Structures are given as structure tokens and as C-alpha cells.
Ligand code: SF4
């Protein structure tokens, strides 16, 4: 009888990808994935440490796993476990650098059912999972790199995931080719620090451009999206390589974090607002319809009211399609943990709400810009009454209704007739 595995995954796309990857490895060993936690012989919690709240939730989920499945082997993996080192409620704890050991550890644990904890050495190599299927509606997510060398003062990732390790181009292209055979045509290229692809081999950001050119050469690939990008890596050379690549979607998630130069300096970000402004200008020249989205933190240590206002004004000046706004959350082990003064919770929450309101207004204004335009839609969901929903290349949600029923995965042109908040309403024209 096959052992049954249940996954509880917290956090980012990379975590979701890694859960899918571990699921694939276990599947090859004859394990069966189940979707009801109570059926599990093995209960895997893939944790996150991006905020204090994520840490708390990770601990809670591990305890919950033990409570729901007292006889199961509970595995805690991911960023939170990398930092905490041990999880007393878990039978096996692996961080982010020793995932390759999970399958043998698990097999051993299942045989022995011993209480002994084991912590293998960290790997310096990218751990290759082979071809993994992580589907996001009609998109497939492809991880090309792990780790980061940047040490932003608020971020735990370089400690939890280690330095940059890139996946081989052959493995990436093989995975994408495999997924096109399963019908996927849109690929999201992701990593912890995407622009550092092959940096450990002495390459610059054009290595990413070259990889994307090879991805685009696969005929069945119709659209390529990029994960979060660092502004200083978006050089004119890389932007020009992206412009030549007609399969790149004009949607760029360009990490900002703060629109105040003094805050950016304290964050140890490697750019200022002037550089960011130039990159946005270059991107918009190369991709006139581009959607620019970003992440911003409110209430970083020492952030004054003036710095917050500067940050908000800069966000408005750029005109983002959407901002993911987070209140600053101190992470133990980072420099920002000890920075003084910390901003009080009420002020952080108020600033976060103010910036989110700005983001909502910009998002609605951006949707209105599409009225009267024609966009290319990749259909994700359909209803029996002919209603469809999908995203255009600029990553704006488009909804519409057609006389001839559309099907998920279909790509067609739609004319935008109006908006419904942040989505646009379209009519299929081809
Ligand atoms: S670039 Fe900065 S924020 Fe991003 S993963 Fe690296 S250290 Fe963290």
C-alpha cells in the first residue's frame, strides 16, 4: 500500500513550486498525494518566514499537523524551519538548502519511526528536481534560481536560502518543453532573485535575457512572464534583449520597497529613486503598454512622516498598475531587527492603509486606460452561459461573454468596452 502524503504550503510561488517538486519526487518513490489531511501518513508543512506573522502561522501549522495526524510523520521544511533549525512538533525538519535529503530521510524515518532528528549538510548546488508541474490556472511557474547575495537589511532570505545557485539552462528548457506537451503555453519565470541567474558563474544580467531568448524559441511557448525584478539589474542591454523577444509579456514587477532615497539607503537597496525612474522610462519606451507593479514597505525603522510622504508621492509619480503594500515586520537575525527607532504599529498600519488607497486608485485608473483598446486574452475560466475570464498580456483581468463558448487555454483578441473596478470588460473579436 502506498504511503499517503499531504502538503500544507505557506508563502510564495517558490514555496508552491518546491512543494510540487517534492510531491513529484515522492510520487516517483510510489507515494500518493492526498488532499484530506486526515488521510496522511506523511504531513508536510512547507513554511514561510517572510514576516513575523508568517513565522507564527508556520509554527501554528506544524502544531496543527501533529494534532490532526498524531501518527503521521510530520515534516517541516522551508524558510521558517531554516531559521528556527528545529521544530519540536515535527519528526523531520529540513531547511531550504537540504531539501535533496528529504526523500531518503523520510524513507528512513518511515522504516525506523525513530524520534531522532537529523540535519544533513547544506548544499552549495542548485537542487535539481527535474520537471515539475506547478499550475496557476493556465500558467506554469518555472523556477530558475535559488538564493540571494544582496542582504537587504530587512530580509532574512540570504540567511535562510543561502547564496545564488542557478539551475542549468538545459534543465529549465526541458521542463518547459515537457509542460508544453501538457498544453501549457504561458510560463512565469521565477526565482528568489531572478536577475542573478548564473551570477555565481560570473555572468551578468544578460544571462537572463539569453535564457529567455531560448525559452521563446520553443514554438509552443506563446507568452513569457517574469517574476520580481531588481531595478539595478534592468540595464539598457537587458531591456533591449527583452524588447526583441516578442513573447515577453509587457508586465514587469519591479521591486521598489520605498520611494524615499534615505529609506532605500537604510534598507541597503542598491538603487535610488532616480535610477528607478530611468528604468521605468526605458521599460515604457520599449513596451509602451507595460504594466508596472511593485512591492512597498511602510513603517521601516526610522521612517519619518516626510519619508512616508516622499514614498507615496514617488509611487503616484510612477503610476503603478498595482502595489503590494506591507507594513514593516522585523525579522530576527536581520540588521533592521535592531534598528532604532522602530515605528509603532498604529503608524505602520495607517501608512499602509494610505498607500493601499493610492494603489487602489491607480489600479482603477489603469483599468480605464484600456477602454476602446484591443487586448490579447488567455482564457482561464469559463461558465456554461458563455462567460469567460482571463488575463491580457499586461496582466489586467478581462471578463466577457461570447456566443460561441470559449475554453480555458484559448487565446483570442478582445475589445475592451468598460471596467468593473480593477477588471476590464471585453468582447471577443477574433
Ligand atoms: S534582494 Fe533583498 S529583499 Fe530580495 S531576496 Fe535578496 S535580500 Fe531579500
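Each value in this text was obtained by applying a stated rule to the coordinates, not by laboratory testing. Just so it is clear, the structure is predicted and the values come from calculations on it, not from any experiment. All Cβ positions, even for glycine, are placed from backbone atoms using ideal geometry, and neighbour counts span all protein chains on display.
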Margin query: Can you tell me the length gained on complete extension of the stretch residue 404 to residue 213, counting 0.36 nm per residue apart and subtracting the Cα distance?
Written below: 65.2 nm
Next item on the list: Please identify, among 321, 96, 382, the residue showing maximal mean-square fluctuation in a Gaussian network model of the chain using a 10 angstrom Cα cutoff.
Entry: 382
Item checked: Viscosity 1.306 mPa s, 10 °C: Kirkwood-radius Stokes-Einstein D of segment 4-112 over Cα pairs, µm²/s -> 118
Check: Say we join alpha carbon atoms closer than 10 Å with springs in a Gaussian network model of the chain; which of 398, 103, 375 then has the biggest fluctuation?
Finding: 103
Check: If you wrap a convex hull around the Cα atoms of segment 210-267, how much volume per residue is inside, in Å³?
Finding: 88
Notebook entry, point to check: In what order do 413, 105 fall by count of nearby beta-carbon atoms within 10 Å, going from fewest to most?
Noted result: 413, 105
Checklist line | Theoretical FRET efficiency, 1/(1+(r/R0)^6), r = Cβ-Cβ of residue 182 and residue 306, R0 60 Å, to 0.05 | finding: 0.70
Notebook entry, point to check: Expressed as a whole percent, how much of the Cα-Cα distance distribution for segment 315-430 exceeds 22 Å?
Noted result: 50
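For 55, 295, 346, 146, what ranking results if the residue with the fewest other Cβ atoms within 10 Å of its Cβ goes first?
Ordered from fewest to most neighbouring Cβ atoms within 10 Å, 55, 295, 346, 146 come out as 346, 295, 55, 146.
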Checklist line | Within a Gaussian network of the chain (alpha carbon springs, distance under 10 Å), most fluctuating of 333, 202, 299 | finding: 202
Check: What ranking do 240, 255, 407 get, fewest neighbouring Cβ atoms within 10 angstrom at the top?
Finding: 407, 240, 255
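Taking 0.36 nm per residue of sequence separation and subtracting the Cα-Cα distance, how much length would be gained by fully extending the chain between residue 168 and residue 371, in nm to one decimal?
68.8 nm
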Notebook entry, point to check: What is the spin-label model distance, in nm, from residue 337 to residue 384 if the labels are put 7 Å beyond Cα along the C-beta direction?
Noted result: 5.6
Check: One-quarter of the Cα convex hull surface for segment 159-204, in nm²?
Finding: 4.0
Checklist line | Distance between segment 1-71 and segment 356-430 - C-alpha centres, whole angstrom | finding: 35
Margin query: Suppose only helical runs count, i.e. DSSP H with n ≥ 4. What mean residue ellipticity at 222 nm does that imply for the chain under -39500 (n - 2.57) per run, divided by all residues and rounded to the nearest 500 deg cm²/dmol?
Written below: -10500 deg cm²/dmol
Next item on the list: For the chain, restrict the atom set to alpha-carbon positions and state the Rg and Dmax in Å.
Entry: 22.4, 66
Notebook entry, point to check: Could you give the length gained on full extension between residue 317 and residue 204, defined as 0.36 nm per residue of separation minus the Cα-Cα distance, in nm?
Noted result: 37.7 nm
